[in-house]
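Read the structure below first, then the notes.
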Amino acid sequence: MMHKNEYAPYFEQYLELVDKDKSIIYNLESSQKEFESILLLLPKEKQTYAYAAGKWTIKELIQHIIDTERIFCYRALCFARNDKTELPGFDQDIFVNNGKANDLDFYDLLDEMKALRKSTIQLFKSFSDEALVRMGIASSNKISVRALGYLFSGHQLHHLNVVKERYV
């Protein structure tokens, strides 16, 4: 059972979207399946559409989820291996602005997300129960490996809910 002291309060908005009675792996597989099923139905004109000025397009949103999962996987690996180095945060807007996602093929982005998620699942399958409860510091906040595992799904579902509300 995950405890609230395993993550910063900010992450509650994402973690409340996952089924913490089910495994991290179940949640990773389930959220990815739902993500793909919704995004594959979007018409082409929605891929580079933003619902308001300053908001991300669908392609930018996918790239953001990919970038975030990669960074957080590194965090999880470091903490699981008991590396006590405090890890820096990252500016998501700088990443999106420099990612040039709108120039990329939509289906390539979806394939990249699918491949990344498979890699994330394999990474978390490799962690022992002891490794999952290890804590580290990233962005000046303590977080457990376990919380990071659930966070991937919650973050993806959070953005998928925006897609459903604003783009579908």
Only helices at least 30 Å long along their axis, Cα-based, and averaging 1.6 or more on Kyte-Doolittle count here, so list those DSSP H runs from the chain. none
Per the charge dipole of the chain (beta-carbon charges, Lys/Arg positive, Asp/Glu negative, Cα centre), the residue among Q122, S153, L132 reaching farthest to the positive end is L132
Give me T68, T48, T120, T85 sorted ascending by neighbouring Cβ count inside 10 Å, so fewest comes first. T85, T48, T68, T120
Order of H64, H155 - criterion: other Cβ atoms within 10 Å of each residue's Cβ, fewest first: H64, H155
Using a simple charge model, +1 on the beta-carbon of Lys and Arg, -1 on the beta-carbon of Asp and Glu, nothing else, what dipole does the chain show about its Cα centre, in debye to the nearest 20? 200 debye
The stretch 105-168-the stretch 51-90 distance, computed between alpha-carbon centres (Å): 8 Å
If you stretched the chain out fully between N98 and R81, how much longer would it get, using 0.36 nm times the residue separation minus the C-alpha to C-alpha distance? 3.0 nm
What is the Cα convex hull volume of the stretch 1-53 when expressed per residue in Å³? 110 Å³
Quick note on V162, V168, V18, ordering by fewest other C-beta atoms within 10 Å, gives V168, V162, V18
Counting each DSSP H run of 4 or more residues in the chain as -39500 (n - 2.57), what helix-only mean residue ellipticity at 222 nm follows after dividing by all residues, to the nearest 500 deg cm²/dmol? -18500 deg cm²/dmol
Per residue, what volume in Å³ does the convex hull of the Cα atoms of the chain enclose? 110 Å³
Estimated FRET transfer efficiency (S23, F90; beta-carbon r; R0 35 Å; 0.05): 0.80
Those lysines that a straight Cα-Cα span of less than 29 Å connects to K164, excepting residues fewer than 8 apart in one chain: K4, K20, K22, K33, K44, K46, K55, K59, K100, K114, K118
Please give the FRET efficiency for M135 paired with D105, using the beta carbon to beta carbon distance and R0 = 45 Å, rounded to the nearest 0.05. 0.70
Work from the charge dipole of the stretch 4-166 (Cβ charges, +1 for Lys and Arg, -1 for Asp and Glu, about the Cα centre) and give the residue of N82, L40, W56 farthest towards its positive end. N82
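Bear in mind that the values in this text are calculations on the coordinates, not laboratory data. This is a predicted model, so every value here is computed, not measured. Ideal geometry is used to build each Cβ from the backbone, glycine not excepted, and the neighbour counts take in all protein chains shown.
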